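Any read-out appearing in this document is the output of simple, stated calculations on the displayed coordinates, not a laboratory observation. Predicted model only: the values in this text are computed from it and were never measured. With ideal geometry, Cβ positions are generated from the backbone for all residues, glycine too; neighbour counts draw on all protein chains shown.
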Amino acid sequence: MIIYDRLWETMAKKGVSQYSLIKDYHVNEAQLHRLRKNMVVKTTTLDRLCEILDCDVEDICRYVKGKGPVE
């Protein structure tokens, strides 16, 4: 299962809030909800977050073996 715990850590390090993602970068609130719940998100969303945060995908998510995906 892919989990997005690193996203919140990276956002804190970069000084970017969820509010900023929504208001300044027009990231969809539904996508942020899906990220918070470790649900399936589009790779375009991950690409955009990497661009906004100037980071690698490994700074946003990681694979945890043995857990099933949340739909």
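Placing a pseudo-label 7 Å from each Cα along the Cα-to-Cβ vector at K42 and S20 gives an inter-label distance of 2.4 nm. Look at the dipole of the range 2-63 built from charges on Cβ: of I60, I2, G15, the Cα furthest out on the positive end belongs to I2.
Report Rg/Rh for the chain, rounded to two decimals, where Rg is the Cα radius of gyration and Rh the Kirkwood radius.
0.94
Taken about its Cα centre, the chain carries a charge dipole of roughly 300 debye when the Cβ of each Lys and Arg holds +1 and the Cβ of each Asp and Glu holds -1. Pairs of Lys residues in the chain are counted when their Cα atoms are under 27 angstrom apart and they lie 8 or more places apart or on different chains; the count is 13.
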